[in-house]
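Working notes, structure below.
The values are calculated or read from the model by the stated rules, or taken from the named source; none is laboratory data. All figures in this text were calculated on a predicted structure; none of them were measured in a lab. Positions of Cβ are generated from backbone atoms using ideal geometry, with glycine treated the same way; all protein chains shown enter the neighbour counts.
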Amino acid sequence: MSDVLTEATAFLKSKEISDPRLNAERMLAHVLQISRIELYLQFDRPLNQSEREQYKDFLRRRAAHEPLQYILGETEFMSLPFRITPDVLIPRPETEVLVELVLEDAKTEPVQTILDIGTGSGCIAVSLAANLSDVQITAADVSRKALEVASQNARLNGVQDRVQFTEGDIQSGLDLESRFDVVVSNPPYIALNEWDKLDPEIREHEPRMALCDESDGLKFYKMMADQSESFLERGGKIYLEVGDTQSEEVLKILNEAGFSNAQSYPDLNQIHRVVRAVY
């Protein structure tokens, strides 16, 4: 097995894959259905023909810059397991800032209802439900396939009874029966003129509709601000993930729409990644 890993690492490195050893180890562990630590405890274990063929297929796909999460069909977010398919955006550590901010606020201001607009994999909604035992969450997405993945993730993490999934598009207005204490969203915020500049690993594999707003990158923030009275309780809070340089513009959009106490919060790279405001 050690020779297999060495060869795989060299192959991925030649294809300019970042962290080639880590990628090689994670894919091999997945093929063998063991942990990465166990790889080193079974270094002398030979691979059978089926395992070799599957591993070769994984390496070929990764060498073509298909994201590792899609190859494995899984990822971790907020220390929880999530199923991932090409129908949904890959959850990223930056989005955990939004979840952690909601959880921190909920310690002093209890929340009963949350709306997640554009839920995708369900990573935000499911993580909040897993950490807030008394909350009911509605998660909306325009993609039926994304909602199927999100529903599976709710069941995977045992919160299916507290997360309701609904097919809806904020561009045509969300058909909701009530208003919510909290609204969260990681909307498409890549501007049309920035699309071609994205890393091919993102541009060629992740769902465009979850990334690009086909406009100036601010379209969905403007729509959520304009429609807030239809889904947000007075005194309720909205939490939005934003692009690298968008925080000031989104704060302005919310202030002009009548929100108060609008603030932005940095991620681990000190990029202001989340905006929070009170309606």
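Can we say VAL184 is outside the structural domain of ILE17 (by TED's automatic domain parsing), modelled with pLDDT of 95 or more, of a type in the set (A, V, I, L, M) and in a loop (DSSP other than H, G, I, E, B)?
The answer is no for VAL184.
Can you find, within segment 246-269, the residue that is surrounded by the fewest Cβ atoms within 10 Å (Cβ to Cβ) among those that are in a loop (DSSP other than H, G, I, E, B) and over 19 Å from the mean Cα position of the chain (by Cα)? Full working, then the answer.
Initially, segment 246-269 is screened for residues in a loop (DSSP other than H, G, I, E, B), giving 246, 257-259, 267-269.
Now drop any that are not over 19 Å from the mean Cα position of the chain (by Cα), which leaves 257-259.
Details: ALA257: 19, GLY258: 11, PHE259: 20.
Out of the qualifying residues, it is GLY258.
If GLU229 satisfies every condition in (1) closer than 16 Å to GLY118 by Cβ; (2) at pLDDT below 95; (3) not in a loop (DSSP other than H, G, I, E, B) but one, which is the exception?
(1)
Any idea which residue in segment 187-208 is surrounded by the fewest Cβ atoms within 10 Å (Cβ to Cβ), counting only those that are assigned to a loop (DSSP other than H, G, I, E, B) and not hydrophobic (A, V, I, L, M, F, W, C)?
ASP199
Which one is farthest from the chain's Cα centre (by Cα), of the residues in segment 209-226 that are within 24 Å of PRO86 (Cβ to Cβ) and in a loop (DSSP other than H, G, I, E, B)?
Ranking the qualifying residues of segment 209-226, first place goes to SER215.
Can you tell me which of (1) touching a strand residue (DSSP E or B) at 6+ places or on another chain (Cβ under 7 Å); (2) surrounded by 23 or more Cβ atoms within 10 Å (Cβ to Cβ) is the one ALA146 doesn't meet?
(1)
Conditions (1) more than 22 Å from the chain's Cα centre (by Cα); (2) in contact (Cβ under 8 Å) with a residue 60 or more places away in the chain; (3) more than 18 Å from ILE124 (Cα to Cα), marked per residue:
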position: LEU39; (1), (2), (3): yes, no, yes
position: ASN48; (1), (2), (3): yes, no, yes
position: ASP57; (1), (2), (3): yes, no, yes
position: LEU68; (1), (2), (3): no, no, yes
position: MET78; (1), (2), (3): no, no, no
position: ILE84; (1), (2), (3): no, yes, no
position: VAL88; (1), (2), (3): no, yes, no
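Among ASP196, ASP175, which is assigned by TED's automatic domain parsing to the domain that holds GLN136 and touching a Lys or Arg at 6+ places or on another chain (Cβ under 8 Å)?
Numbers: ASP175 fails: touching a Lys or Arg at 6+ places or on another chain (Cβ under 8 Å).
Checking each option against the conditions leaves just ASP196.
Pick from segment 37-83 the residues that are of a type in the set (Asp, Glu) and in a loop (DSSP other than H, G, I, E, B): which of them is farthest from GLN160 (Cα to Cα)?
Here the residue is ASP44.
Can you name the condition, by its number, that GLU201 falls short on among (1) touching a His at 6+ places or on another chain (Cβ under 8 Å); (2) within 19 Å of VAL111 (Cα to Cα)?
All conditions are met except number (2).
Can you tell me which residues in segment 173-201 are in contact (Cβ under 8 Å) with a residue 12 or more places away in the chain and either farther than 24 Å from VAL135 by Cβ or among the aromatic types (Phe, Trp, Tyr) (or both)?
GLY173, PHE180, PRO188, TYR189, ILE190, ALA191, LEU192, GLU194, TRP195, LEU198, PRO200, GLU201, listed by residue number.
Of the residues in segment 149-178, how many are surrounded by fewer than 17 Cβ atoms within 10 Å (Cβ to Cβ) and either assigned to a loop (DSSP other than H, G, I, E, B) or not polar (S, T, N, Q) (or both)?
Residues in segment 149-178 being surrounded by fewer than 17 Cβ atoms within 10 Å (Cβ to Cβ) and either assigned to a loop (DSSP other than H, G, I, E, B) or not polar (S, T, N, Q) (or both): 14 in total.
Taking the criterion of being over 20 Å from ARG203 (Cα atoms), exposed (fewer than 15 other Cβ atoms within 10 Å of the Cβ) and of a type in the set (S, T, N, Q), would at least one residue in segment 51-67 satisfy it?
No, that holds for no residue.
Condition check ((1) among the charged types (D, E, K, R); (2) assigned by TED's automatic domain parsing to the domain that holds GLY243) across all residues:
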residue	(1), (2)
TYR70	no, no
THR108	no, yes
VAL111	no, yes
GLY120	no, yes
VAL126	no, yes
ASN131	no, yes
THR138	no, yes
ASP141	yes, yes
VAL163	no, yes
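Filter segment 111-132 down to the residues that are part of a strand (DSSP E or B) and crowded, with 24+ Cβ neighbours inside 10 Å and list them by number.
The answer is ILE114, LEU115, ASP116, ILE117.
Given the criterion closer than 30 Å to PRO200 by Cβ, surrounded by 15 or more Cβ atoms within 10 Å (Cβ to Cβ) and either at pLDDT below 95 or hydroxyl-bearing (Ser, Thr, Tyr) (or both), identify the matching residue among LEU12, LEU39. Give the steps one after another, and end with the answer.
Values: LEU12 fails: either at pLDDT below 95 or hydroxyl-bearing (Ser, Thr, Tyr) (or both).
Of LEU12, LEU39, the one residue that is closer than 30 Å to PRO200 by Cβ, surrounded by 15 or more Cβ atoms within 10 Å (Cβ to Cβ) and either at pLDDT below 95 or hydroxyl-bearing (Ser, Thr, Tyr) (or both) is LEU39.
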